[in-house]
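To start, the structure under review is shown below, and the notes come after it.
The values are calculated or read from the model by the stated rules, or taken from the named source; none is laboratory data. All values derive from a computational prediction rather than experimental measurement. Every residue, glycine among them, receives a Cβ derived from its backbone with ideal geometry; neighbour counts consider all protein chains shown.
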Amino acid sequence: LRQRGRRQCGHLDVQNAPALQKLVVGKGEISFRRVRLDALASGGFQATYGMDVKVPFLDTTLSGDDVTLVSTGTNEGSFDFSGLKPAADIVRDFGAVHLRVPQQSVLFGPATAGWRVLTAPEITTDAEGKPFLSQTITVPNTSFGLNGRVFFNDQTADPVRVVPLSQMAQLGSTPIELSSLRLDGGTTGNERLKLNFFGEVKLSSALPGSPV
C-alpha cells in the first residue's frame, strides 16, 4: 500500500504467513490462510480473508475464502462471516446423547462471552441401547464458544436453557410423558453440557403419572 496525497492506494496479498496460523483463542484456534487488502478511492479499505476456525466443543473446523471487512473514512467496518461454514453437517456422539448441527445453520461471530458459533443443534438420545425420544429436539439460538462452553443468550451468556416438551419417551418398556428438557452448559470444571429430562411415568392409563 502507498499513500497518494491523503489517500491510500494499492493492493496487498499475503498467503500462509506463519505468524497468522493457529492463533489460540480460548480453547479454539483461528488461522488466516490468506489476507488481501485493497485501498478504496473513498479513503478506506477492503480486506478479504481466507480463514479456518477450530471450534472445540463441536470438534470441527469452519472454513471460508471470502470473509470480508470493509472500512470507510467514517466507519471502522465490520466482518461478514456468513461464508464461514463447516464442510458438512456436524455430528457428535457423547455416549447416549447424539448431536447434529446442520451446516447451513452455523453462524460464526462475536458475542458478550467472546467468539462463538450460533446454531440450532438437533438432539436425540438413547436409553438401554434403544432410542429414548420419540422426536428429535431442536434447540435454537445455542452458542458454542471458542472457550469450550455452551451458552444460550448472546447478550447475557446464560448457561441454562429450559425447553418445553410435549412428547413421549421410552425407557425399556416404560413410557414417559416428557414436559421439559433442561440444558446446563456449565461454567466451571470439565462439565460442558448436561441434559435433564422432566415428565411423568405412565404405568397405566387408569393411574395418575408419577413425576420424574
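Please work out which one of (1) within 17 Å of D66 (Cα to Cα); (2) at pLDDT below 75 is the condition F45 fails and give its number.
Single failed check for F45: (2).
Find all pairs meeting these conditions: Cβ atoms under 6 angstrom apart; at least six residues apart or on different chains; first residue within the stretch 161-181 and farther than 11 Å from L133 by Cβ; second residue among the aromatic types (F, W, Y) and in a loop (DSSP other than H, G, I, E, B).
That search, which allows pairs on different chains as well, returns R161/F152.
Looking at (1) in a strand (DSSP E or B); (2) farther than 21 Å from L62 by Cα; (3) not hydroxyl-bearing (S, T, Y), can you tell me which one Q155 breaks?
The one condition Q155 does not meet is (1).
Have a look at G77, G50 and point out the one that is more than 30 Å from L193 (Cα to Cα) and modelled with pLDDT of 95 or more.
Step by step, each of G77, G50 is checked, and only G50 is more than 30 Å from L193 (Cα to Cα) and modelled with pLDDT of 95 or more.
Would you be able to tell me the number of residues in the stretch 19-68 that are more than 19 Å from the chain's Cα centre (by Cα) and small (G, A, S)?
Number of matching residues: 8.
Identify, please: which residue in the stretch 167-199 is more than 21 Å from D126 (Cβ to Cβ) and surrounded by 14 or more Cβ atoms within 10 Å (Cβ to Cβ) and is, among those, modelled with the lowest pLDDT?
That would be G186.
Output the number of residues of the stretch 135-147 satisfying the condition of being crowded, with 16+ Cβ neighbours inside 10 Å and either basic (K, R) or within 14 Å of the chain's Cα centre (by Cα) (or both).
7
Could you pull out the residue among F108, F81, F132 that is among the aromatic types (F, W, Y) and under 11 Å from the mean Cα position of the chain (by Cα)?
F108
Take P159 and tell me if it is under 23 Å from the mean Cα position of the chain (by Cα) and buried (at least 16 other Cβ atoms within 10 Å of the Cβ).
Yes; evaluated as a whole, the condition is true for this residue.
Cβ-Cβ below 7 Å, separation at least six or inter-chain, first residue in the stretch 68-94 and closer than 26 Å to F45 by Cβ, second at pLDDT 90 or above and outside any strand (DSSP E or B): which pairs?
Partner pairs satisfying both residue conditions: K85/Q103; K85/V106.
Tell me which of these R192 doesn't satisfy, since it passes every other one: (1) touching a residue at least 60 places away in the same chain (Cβ under 8 Å); (2) among the basic types (K, R); (3) in a strand (DSSP E or B).
Of everything listed in (1) touching a residue at least 60 places away in the same chain (Cβ under 8 Å); (2) among the basic types (K, R); (3) in a strand (DSSP E or B), R192 misses just condition (3).
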